[in-house]
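The structure appears below as C-alpha cells.
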Amino acid sequence: MKTGILLLLLAIPFRVADGQTMPEKDTGQPTTALSLQQCLDYAGTHNQELLSKAQSAAAAEEDRKAATAKLLPDVSVTAAVNNYWKIPVQVFPGELVNQPAGTFVPVRMGTPWMGNYGAEANLPLVDVKTWQAIKLARLQQQAGASEYRSLQRSLQKNICIAYYSTQLQQDYLTVAQQLYSNYQQIHDLIKLQFDKGLTDKIAFNQSATLLKNRQQAVQQAGVSLQEAYLDLKFWMGFPLDSQLTTQSTSPLLPLEINDYRTSQLPDYETEQLKVAVAAQEYHNTRANYYPSLHFKGSYQQQGFGDKMDFITRSPWFTVGFAGVELRFPLSWSNFSAKPRSMKAQWLAASSRFKQYESEQEKKYRQEKLLLEKASGDIQLQKENIALAQENEALSKQKINKGIIDMIQLKQIQQDLYDAQAKLNDARTDFYKHYTELNYLQHQ
C-alpha cells in the first residue's frame, strides 16, 4: 500500500491558492499567504476553544496547589471587642458562700466590656481524607493538561484537513474554468455552423444551455473555495470577515504505520485518566470513614473593663494551650450509599474506556479501507477524464465537419464534468482519511 500511495501523491498536483476575491481591509491580520505551519501556529494563540481549555488546565493546577496547601498549618488571627449589655450569669452552689445546702447563687461573669486578640493553629498530623483529596486534585490536573493536548491534536487535524481542502478547491476551480473555456470554443463552432445555416436553432440553444451549465459549475467551484477558506478561518480563530490566502503545499509523505497500537490514540491518555479520576473519587469518598489526628494550639490576650477605655487602661491576661485532637467521623452520611454509587461510576468509567478502545480501533480500520478506496478512485477517475477529453476532442472535429449530435455532445460533457467532480471528491477523501489515520495513531 505504501508504494502505491507514494506514487499517487506524487501524481496529485497542487497550485498556489489565489485566495478569496474579497475586498481587503486593514484588520491587523497577516496579508501574505500562510503556510500550513503558520496556520497551525496562529491557531495556537487565537483559537478560543484552545485558549479556554488552557485556562481550565491552569485552574486545575491552582486547585492542586490549594489541595496540597491543606497539609500546612491553618493559622487564624483574631481580634474582637464586645459590649455585654447583659453580662452572662453563672450559677454556683450556695455552700460556696455559706448559704444553705440546696441553694444556688447567681454570679455575673465578666464586665460590660471585654476584648481579646490572638492566633489559633490547626495542623493535620494524620488525615487520610486530605491526602486522598490531594491525589484527586493531582489526577484532575493531569486530566486537564491531557485534555488540552488532545484538543491541540484534534485542532491540528481539522486545520490540516481544511488547509488541504483550500488547495484542492482552488485546483478544482482552475479545472472548472478550463472546462468552461474549452466548451466556449465548442459553442463558438456551433454558432458558426448555425450562422452558416448548417444547424438549427434547437441545437444552438441546447449548446447555449450547456455553456451556462459550465458557467454555473465555475460559480459553484468558487463558492466551495470560499467555504473551504471559511472552515480554515474558523479552526484557526482567524477573523471570518478578513482575507486569508494559503501557500501551496508539497505532496504528503507516504503513510507509514507499521502496527496499530491503542496507546497511540490521540485521546488515550485523557480517557485513561477519566477512569483514574473516577477511581480516586471513590477512594476519596471512602476516606470519610477514617479518623484524623490534628495538632491544635491557641494564644490569646484578654482584657476586661466597665468602659471601652479598658483597651488602654485595663491589664490584659494571657490564655493559651497546645494539644492534639482525634476526630472520629460518625455522621450517617459518611456511611450511606454514596461510596457504592461512586464505585458504580468507577466501574462505568472502566467500561466506557474499553468501549472507547474498541470504537477507535474500528474507526482506524475503516479509515484505512476508505483511504485505499480513495486511492483507487483517483486513478479510476483520471482514466475516465482521459477518455472524456478524447471524446470531447473527437466531437469538436465532427462539429468542424458540420456533424452535430447534441445528445452525444451532452453526454460527453456530462461524463467529463462528472469525472472531474468525482476526481475532486476522491482527492478530498484521500487527504481527509490520510490526515485522520495519522491523527488516530498520534503522528
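Every number in this text was worked out from the coordinates using simple rules, so none of it is lab data. As the structure is a prediction and not an experimental result, all values here were calculated from the model. Ideal geometry is used to build each Cβ from the backbone, glycine not excepted, and the neighbour counts take in all protein chains shown.
Can you tally the net charge around Gly303? Count Lys and Arg as +1, Asp and Glu as -1, for every other residue whose Cβ sits under 13 Å from the Cβ of Gly303.
0
With a ≥ b ≥ c taken as the square roots of the eigenvalues of the C-alpha gyration tensor of the range 169-232, please select rounded if a/c is under 1.5 and otherwise prolate if a/b is larger than b/c or oblate if it is not?
prolate
Around Gln206, with a cut-off of 14 angstrom between Cβ atoms, what is the net charge of the other residues, counting Lys and Arg +1 and Asp and Glu -1?
Around Gln206, the charge tally is +3.
So which lysines can Lys70 reach, going by Cα to Cα under 22 Å and dropping same-chain residues fewer than 8 places off?
Lys129, Lys135, Lys296
Run the numbers for Ser76 and Glu95: contour at 0.36 nm per residue of separation, minus the present Cα-Cα distance, in nm.
2.7 nm
Which is the longest run of the chain containing none of the GluC sites (Glu not before Pro) found in DSSP loop states (not H, G, I, E, B) with at most 14 other C-beta atoms within 10 Å?
After excluding every exposed loop site, the longest remaining stretch is 25-255.
State the extension gain, in nm to one decimal, for the chain segment bounded by Met109 and Glu390, taking 0.36 nm per residue of separation less the distance between their alpha-carbons.
89.8 nm
State the Cα centre-to-centre distance between the range 64-79 and the range 144-176 in whole Å.
Taking the Cα centre of the range 144-176 as reference, the centre of the range 64-79 is 47 Å away.
Quote the relative contact order of the chain in percent (integer), defining contacts as alpha-carbon pairs under 8 Å separated by 6+ residues.
The normalised contact order for the chain reaches 25 percent.
Taking only complete DSSP H runs, can you tell me which helices of the chain stretch 18 Å or more along their own long axis by Cα positions and average at least -0.5 on the Kyte-Doolittle scale?
For the chain, where a helix must reach 18 Å along its axis and average at least -0.5, the hits are 201-236.
Take the alpha carbon gyration tensor of the range 36-440, find the square roots of its eigenvalues, order them as a ≥ b ≥ c, and report rounded if a/c is under 1.5; if not, report prolate when a/b exceeds b/c, else oblate.
Prolate.
Once you have a ≥ b ≥ c as the square roots of the Cα gyration tensor eigenvalues for the range 56-125, tell me rounded if a/c is under 1.5, and otherwise prolate or oblate according to whether a/b is larger than b/c.
It is prolate, given that a/c is not under 1.5 and a/b is the larger ratio.
Gaussian network model of the chain, Cα springs within a sub-10 Å range: biggest mean-square fluctuation belongs to which of Phe304, Phe353, Phe204?
In the Gaussian network model the winner is Phe304.
Could you tally the net charge around Ala54, taking each other residue with its Cβ under 14 Å from the Cβ of Ala54, Lys/Arg +1 and Asp/Glu -1?
That works out to -2.
For Thr68 and Ala348 in one chain, what is 0.36 nm times their gap in residues minus the Cα-Cα distance, to one decimal in nm?
So the extension gain works out to 97.9 nm.
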